[in-house]
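Written below as structure tokens is the structure these notes are about.
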Number of protein chains: 2
Amino acid sequence: MSAPRVVLVGATGAVGTVALQVLAERDFPLSSLRVCASERSVGKRIAFNGEQVKIELATPELFAECDIALMAVGSAMSHIYAPMAVAQGCVVVDKSSAFRMDPGVPLVVPEINADDVDGHRGIVAVPNCSTTQMVMALHPLHRVNPIQRVIVDTYQAVSGTGAAAVAELTEQTAQVLAGEPIHPEQYPHQIAFNVLPQVESFLEDGYTQEERKMVEETRKILHAPGIALSATCVRVPVPVSHSEALHIEFERPMPVGEARELLAAFPGVAVVDDPARNEYPLATEATGRDEVFVGRIRQDASHPNGLVMWVVSDNLRKGAATNGVQIAEELVRRNALLRARA
Amino acid sequence: MSAPRVVLVGATGAVGTVALQVLAERDFPLSSLRVCASERSVGKRIAFNGEQVKIELATPELFAECDIALMAVGSAMSHIYAPMAVAQGCVVVDKSSAFRMDPGVPLVVPEINADDVDGHRGIVAVPNCSTTQMVMALHPLHRVNPIQRVIVDTYQAVSGTGAAAVAELTEQTAQVLAGEPIHPEQYPHQIAFNVLPQVESFLEDGYTQEERKMVEETRKILHAPGIALSATCVRVPVPVSHSEALHIEFERPMPVGEARELLAAFPGVAVVDDPARNEYPLATEATGRDEVFVGRIRQDASHPNGLVMWVVSDNLRKGAATNGVQIAEELVRRNALLRARA
């Protein structure tokens, strides 16, 4: 089979920019790469693997000439472009939340549920960034000792909101340091030197959309509809990499040593856990890396079957771009494209 | 009874500076105020209520001329000066962790357990800042529906470490923005644009001292030795005011509406909870205020008797200085000084 023709939609955004790096780093087997972005970027060029690639508009004609569409755009755009691409014979790997909970759309973290890719009908969804790093830390334990309940509080980087939010954090921080007035646009409140207990919009039950996603997506990825989960999602003034405090309750006691071994042996997870040397996962050190870093692994002093841990990962890489490219690799490996290739 | 003579030890530190403001704001009934600090500050003057007060060294002779000693120094210094002051007839209100878990030392949040002041033998301890704001949010609920278990993850401001840490955050942030090298001193890692899952040193069981304090002090203040509690304490790049995500399990279900009413009616607590308007407690807005702000009150979707909330308070005020001055007020009101006053 010849290598697939790939199009990246949303190539100039926070995730798209990283997706280009990841495709090059992983030497993704593609025969051609096309890149799409919004109208104001069309005609500009973007670097990929030492070449300059012209930015195009996403159109049915373009999708008809591609096999895999990596969608690194928001939910509203995905709702428009994903069906368009599928209709033209592309398999869509979609990083937005648009189709994640659709029963006909696999929601995949390849290390965990790669086989789910086989059931796709044109779209495979990339989970929410906060969810991905959490399930990477839960799954190696859950499969040997079923998880009953998870409480998670997040410390999420602003790049999850997009490139404009990173710019706002930088600019606003400088303004606060200079004693100048600030003008929040990306968030309802000051994000510099502050923490915001709101990620996305509020739902009727008082949880936010992000908090709801962490519940529903975790159950779908782990094939564990019975896991109880409650999250508080919080934005912190960090540019890249989400941190999470996890409190996990298992069916049976889970010794710390066993958990550490299971996590260390799991592909894509790295254990960084040496309190005596003040070593634990950090956003600054996870940035630019593909691993999910786990540390501060300890018995939960408040529950006989409980474990507490600290999980950090680059939200743009394993949380979005890398996971998406890994899904595309699975599609190729499994010969699961829509269009037959010679 | 004539007004007591007060000495503030540690007057130039992060908490001491705020304690001076709080004493003035509350019009604390004192007949004289003396201020102590380390040797390099002795002889300088410090403003209090429009007057300039000379900084002195803390000595037995000085304590012999005072009735109440407010100690706003670290644990090591308190171990030296608190017994010295008591021996000279001063009642000590100590903000450090030195004596908090001593069975003979009341650990007091006046809104909750003011009566415990009566049992003092010379020292009354001010709880840890993270603990105080948490128990202020727990107690109004606990007394009508006993709490079984609490999971708390914190977002703690750097001023909890002291004035030097606030300076380090400011300076380091400017260095990172300028692309200059940084030199962490107050923390083992970069704090600017980062979050550190470590507050104080690690213990044998993998928890930190701060996390242990939250367990032990909560049980002591609430007179509830059976409460199960697990904390992850995290330092965030915020100058002042700690935020906390609380997940509480009660003996019986606790309706959100009832919790909101109980909290709103409790002195010292302010409910800020209007998700439709993106209103919830924020560090930036709590700073300089004495209230403990509670919001994002919602049922815990993972537990039938659970409640989740977000609690923010100024760690230098209710978390330290204000609570200390309130304790001193109780001592005066209860006529519970060591030295008889005419």
| request: Could you please let me know if B:ALA3 is crowded, with 22+ Cβ neighbours inside 10 Å, in contact (Cβ under 8 Å) with a residue 12 or more places away in the chain and outside any helix (DSSP H, G or I)? | output: no
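If we scan the stretch B:233-256, do we find a residue that is assigned to a helix (DSSP H, G or I) and more than 10 Å from chain A (Cβ to nearest Cβ)? I'd like the intermediate steps shown before the answer.
Residues of the stretch B:233-256 that are assigned to a helix (DSSP H, G or I), as a first pass: B:256.
Retained after the next criterion (residues that are more than 10 Å from chain A (Cβ to nearest Cβ)): none.
No, that holds for no residue.
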| field | Only listed residue being out of contact with any helix residue (DSSP H, G or I) (no Cβ under 6 Å at 6 or more places or on another chain), in the same structural domain as B:GLY13 (by TED's automatic domain parsing) and not β-branched (Val, Ile, Thr), chosen from B:GLY324, B:GLY295, B:GLY306 | value | B:GLY324
| field | Given (1) in a helix (DSSP H, G or I); (2) within 28 Å of B:VAL240 (Cβ to Cβ), index of the condition A:GLN133 fails | value | (2)
| note | Taking the stretch A:85-138 and keeping only residues that are among the basic types (Lys, Arg) and either in contact (Cβ under 8 Å) with a residue 60 or more places away in the chain or buried (at least 24 other Cβ atoms within 10 Å of the Cβ) (or both), one is left with A:LYS95, A:ARG100
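Would you check if A:VAL158 is within 11 Å of chain B (Cβ to nearest Cβ) and under 24 Å from B:SER159 (Cβ atoms)? Before the answer, list the steps.
Working: within 11 Å of chain B (Cβ to nearest Cβ): yes; under 24 Å from B:SER159 (Cβ atoms): yes.
Answer is yes for this residue.
Yes/no per residue for (1) out of contact with any strand residue (DSSP E or B) (no Cβ under 8 Å at 6 or more places or on another chain); (2) within 17 Å of B:ALA283 (Cα to Cα); (3) in contact (Cβ under 8 Å) with a residue 24 or more places away in the chain:
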| residue | (1), (2), (3) |
| --- | --- |
| A:PRO184 | yes, yes, no |
| A:LEU203 | yes, no, no |
| A:PRO225 | yes, no, no |
| A:GLU249 | no, no, yes |
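Okay, residues lined up against (1) surrounded by fewer than 23 Cβ atoms within 10 Å (Cβ to Cβ); (2) at pLDDT 95 or above; (3) part of a loop (DSSP other than H, G, I, E, B):
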{"site": "B:ALA276", "(1), (2), (3)": "yes, no, no"}
{"site": "B:LYS318", "(1), (2), (3)": "no, yes, no"}
{"site": "B:VAL332", "(1), (2), (3)": "yes, yes, no"}
{"site": "B:ARG341", "(1), (2), (3)": "yes, no, yes"}
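Could you say which residue among B:ALA165, B:ALA174 is surrounded by fewer than 24 Cβ atoms within 10 Å (Cβ to Cβ), free of Cβ contacts under 8 Å to residues at least 12 places away in the same chain and part of a helix (DSSP H, G or I)?
Working: B:ALA165 fails: free of Cβ contacts under 8 Å to residues at least 12 places away in the same chain.
One residue alone meets the criteria, B:ALA174.
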| note | Among the residues of the stretch B:177-204, the number that are in a loop (DSSP other than H, G, I, E, B) and within 26 Å of the chain's Cα centre (by Cα) is 19
| query | Among the residues of the stretch A:300-313, is there at least one that is among the β-branched types (Val, Ile, Thr) and under 29 Å from A:VAL22 (Cβ atoms)? | reply | yes
| Given the conditions (1) in contact with an Asp or Glu (Cβ under 7 Å, 6 or more places away or on another chain); (2) touching a residue at least 60 places away in the same chain (Cβ under 8 Å), which single one is not true for B:SER78? | (2)
| task | Six or more apart or on different chains, Cβ under 7 Å: which pairs go from a residue in the stretch A:21-41 that's of a type in the set (Lys, Arg) to one that's outside any strand (DSSP E or B)? Could you list them? | result | A:ARG26/A:VAL325; A:ARG34/A:LEU62; A:ARG34/A:CYS66
| query | Quick check: is even one residue across the stretch A:206-215 under 25 Å from B:VAL272 (Cα atoms), more than 18 Å from the chain's Cα centre (by Cα) and not assigned by TED's automatic domain parsing to the domain that holds A:ASN113? | reply | yes
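The values are calculated or read from the model by the stated rules, or taken from the named source; none is laboratory data. What you see is a predicted model, and the numbers here were worked out from it, not measured in a lab. We place every Cβ from the backbone using ideal geometry, glycine too, and count neighbours over all the protein chains shown.
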